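Visitor: Got a structure for you, written out below as structure tokens; questions coming shortly.
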Amino acid sequence: MYTWLLSLSFSAVPSLAAPVITTVAEDSFSYANNISLVGQNGGTGWTGAWVSDSISFTDFFTNSVGLSVPGLAGAGGKVVYRAGSQLNDAARDLPLQNSGVLFVQFVSQFGTQSGGGTPNLRFINAGVTTGAVGNNGACGSPVYAILDNTLQPVAGACSTVALNTLSAVVLRIDYTANLTQMWLLSSLSGFDYLNPPAPSASYAGLSPAFQRIAFYSRSPASIDELKVFRVTAPPSAPSPVPGLSGEGVGVLAALLALAAVWRGASRFRRR
């Protein structure tokens with residue numbers, strides 16, 4: 001009886017399950033040091049290897065020392081600018097994303113320059129740019145911003161975080177509400193994807209569909225831990241035992257006291 005009551009008391013406390021994260025595509029850039037990113041095929045969920053998005057520019061290269069922020073366990077390695085042409089670029093394809101709520105996340109640290117189309121991560125669908133995150137000479141200063149298909153922001157789409165700040169960039173694209181939000185974080189520890197705080201920037205009326213992600217930047221540039229994923233609520237916790245809220249708590253306490261008396265009486269009889 002006592003064992004049953006003890007189990008009952010613990011079953012009344014539902015467990016707190018973590019959100020369910022479903023990865024669409026990811027790449028931690030765990031490649032050999034100082035090689036072209038183009039042709040590399042690590043990670044999961046992509047439909048091909050990294051390619052050059054423009055034959056006019058030099059490809060990004062790799063560096064074996066990754067970027068990291070608290071709350072995000074990196075796998076080592078990152079993407080870096082390599083001298084050659086004025087710009088570096090690289091792109092990778094994945095299945096078309098155009099529905100529901102989608103997250104795009106990466107860690108980056110750019111320079112203090114913006115303009116001339118960089119630095120940014122671009123979303124591309126059927127060869128057409130549909131949006132981006134980074135900057136292109138807007139916002140009055142080189143800060144992270146959400147950009148439209150012309151690589152320009154609107155009011156509210158500019159953050160106050162400088163491009164040269166090491167940041168975990170979290171984008172939430174809501175295709176149903178036609179809304180893109182961005183968080184720029186020095187730490188991902190405790191970040192709640194289901195109930196996030198106020199965003200660093202927001203762009204109502206923009207939800208870029210894409211089947212390609214492309215990076216463009218001048219020197220310097222460091223990019224790591226790229227991930228495209230969806231987040232859903234955890235399965236419902238087991239329902240509390242009826243009667244264990246309010247007056248039911250008093251009933252449980254009385255039953256536990258009765259169990260203690262019963263155990264004492266049982267010991268006395270055995271003597």
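The values are calculated or read from the model by the stated rules, or taken from the named source; none is laboratory data. Everything numeric here is computed off the predicted structure, so don't read it as measured data. Glycine also receives a Cβ, built like all others from the backbone with ideal geometry; neighbour counts cover every protein chain displayed. Accessible surface areas use protein heavy atoms only, side chains included; no ligands, DNA or RNA. Shrake-Rupley method; radii C 1.70, N 1.55, O 1.52, S 1.80 Å.
Visitor: Residue by residue through the range 125-141, what is 3J(HN,Hα) from phi via Karplus (6.51 cos²θ - 1.76 cosθ + 1.60, θ = phi - 60°)? Round to whole Hz and write x for glycine and proline.
Guide: The phi angles translate into 10, 6, x, 10, 5, 10, x, 6, 9, x, 6, 8, x, 9, 6, x, 6 Hz.
Visitor: Still on this structure, I have one more. Over the range 85-156, with every protein chain in place, what whole percent of the accessible area is carbon and sulfur at 1.4 Å, could you tell me?
Guide: 50
Visitor: May I pose another question? Over the range 112-225, what per residue volume does the convex hull of the Cα atoms give, in whole Å³?
Guide: Dividing the Cα hull volume of the range 112-225 by its residues yields 106 Å³.
Visitor: With only alpha-carbon atoms in the gyration tensor, what are the semi-axes of the equivalent ellipsoid for the range 9-114, in Å, largest first?
Guide: Over the Cα atoms of the range 9-114, the ellipsoid semi-axes are 34, 17, 13 Å.
Visitor: Net charge around SER30, counting only other residues with Cβ within less than 12 Å of its Cβ (Lys, Arg = +1; Asp, Glu = -1)?
Guide: Combined, the nearby Lys, Arg, Asp and Glu give -3.
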